[in-house]
1. Identify the single condition in (1) surrounded by 16 or more Cβ atoms within 10 Å (Cβ to Cβ); (2) without any contact (Cβ under 8 Å) to a residue 40 or more places away in the chain; (3) not hydrophobic (A, V, I, L, M, F, W, C) that Pro137 does not satisfy, given that it satisfies every other one.
2. Just to be sure before I move on: is Thr55 hydroxyl-bearing (Ser, Thr, Tyr) and under 28 Å from Arg196 (Cα atoms) in the structure I sent?
3. Scan segment 73-90 and report the pairs whose first residue is polar (S, T, N, Q) and whose second residue is at pLDDT 90 or above and surrounded by 23 or more Cβ atoms within 10 Å (Cβ to Cβ), with Cβ atoms within less than 7 Å and a gap of 6+ or a chain change.
4. Could you say whether any residue in segment 52-71 is free of Cβ contacts under 8 Å to residues at least 12 places away in the same chain, more than 21 Å from Val2 (Cα to Cα) and not in a strand (DSSP E or B)?
Amino acid sequence: MVLHVGIGLPLTLLMINPLCARLGLRGEPLDQWAIRLWSLAMVRIFGWRVRRYGTPLPGAALFVANHVSWIDITLMHSQRVVGFVAKSEIARWPLIGWLASRGGTIYHHRGSNDSLHGVMHQMVLRLQAGRAVGVFPEGGTSAGDSIRVFHARIFQPAVLAGVPAQPVALKYGARGCAQTIVAFAPGEPFLANFWRLLGEPPRVAEVHFLEPVAASEDGRRRMADTCRQRIADAMGL
């Protein structure tokens with residue numbers, strides 16, 4: 001971890017620049033390749049052996065995933081780099097917050113309608129520019145044993161931009177047996193969860209890119225419910 005942070009992180013941050021964004025490596029922008037490689041190494045340090053199922057959509061798409069802990073973003077970035085919408089507190093987290101900011105995270109101040117309107121506007125602009133955005137429609141982390149109702153409003157930018165939403169199921173452990181282990185314990189702060197997960201034994205982590213849901217003019221609620229159902233089915237819930 002010390003080597004990965006002390007050497008790998010500065011090299012990755014140096015590659016997040018306009019020049020590397022224009023250069024490609026195997027059909028992927030060089031800056032995104034660097035973030036994905038660093039994220040993959042990060043989850044490996046935590047003992048997760050990543051398996052990917054399905055294919056992530058290229059270009060503009062709204063990626064929708066279940067949410068149990070901070071490591072969800074890193075696991076997702078190990079397979080497909082997207083600009084996530086996240087709570088503003090993450091910007092203050094050591095290491096993760098710094099990399100998230102450099103990676104184009106859109107921060108939302110929870111409880112503020114002005115902040116929400118600004119977030120939605122940024123999402124539409126990014127999607128219209130051909131970039132991918134990632135969201136956790138549950139509105140926060142869960143205990144890992146269920147998937148809460150998806151907030152439909154977060155799907156509105158996909159409707160306005162006319163891009164599909166792709167549900168993504170993040171599973172920890174064989175058949176998702178480690179979901180509750182990865183999840184934050186009641187009252188557990190970020191650093192405590194970070195160190196606890198670092199001490200866990202090696203396990204499999206699965207990233208399931210599921211069938212996309214087309215942008216629907218007849219209701220963002222339908223998009224939200226369809227994405228949630230497909231994730232729940234993949235999780236076996």
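The values are calculated or read from the model by the stated rules, or taken from the named source; none is laboratory data. The shown structure was predicted, so the numbers you read here are calculated from the model rather than taken from an experiment. So basically every Cβ, Gly included, is an ideal-geometry build from the backbone, and we count neighbours across all protein chains shown.
1. With respect to (1) surrounded by 16 or more Cβ atoms within 10 Å (Cβ to Cβ); (2) without any contact (Cβ under 8 Å) to a residue 40 or more places away in the chain; (3) not hydrophobic (A, V, I, L, M, F, W, C), Pro137 is out only on (2).
2. Numbers: hydroxyl-bearing (Ser, Thr, Tyr): yes; under 28 Å from Arg196 (Cα atoms): no.
It is false that Thr55 is hydroxyl-bearing (Ser, Thr, Tyr) and under 28 Å from Arg196 (Cα atoms).
3. That search, which allows pairs on different chains as well, returns Thr74/Ser39; Thr74/Met42; Ser78/Ser39.
4. The first filter runs over segment 52-71 and keeps only residues free of Cβ contacts under 8 Å to residues at least 12 places away in the same chain, leaving 58.
Those left that are additionally more than 21 Å from Val2 (Cα to Cα): 58.
After this cut, where a residue has to be not in a strand (DSSP E or B) as well, the list is 58.
Among the residues of segment 52-71, at least one is free of Cβ contacts under 8 Å to residues at least 12 places away in the same chain, more than 21 Å from Val2 (Cα to Cα) and not in a strand (DSSP E or B), which makes the answer yes.
Every residue, every condition in (1) hydrophobic (A, V, I, L, M, F, W, C); (2) surrounded by 16 or more Cβ atoms within 10 Å (Cβ to Cβ); (3) farther than 26 Å from Gly144 by Cβ, yes or no:
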site: Gly6; (1), (2), (3): no, no, yes
site: Leu9; (1), (2), (3): yes, yes, yes
site: Leu14; (1), (2), (3): yes, no, yes
site: Ile35; (1), (2), (3): yes, yes, no
site: Leu40; (1), (2), (3): yes, yes, no
site: Val43; (1), (2), (3): yes, yes, no
site: Arg49; (1), (2), (3): no, no, no
site: Arg52; (1), (2), (3): no, no, no
site: Ala65; (1), (2), (3): yes, yes, no
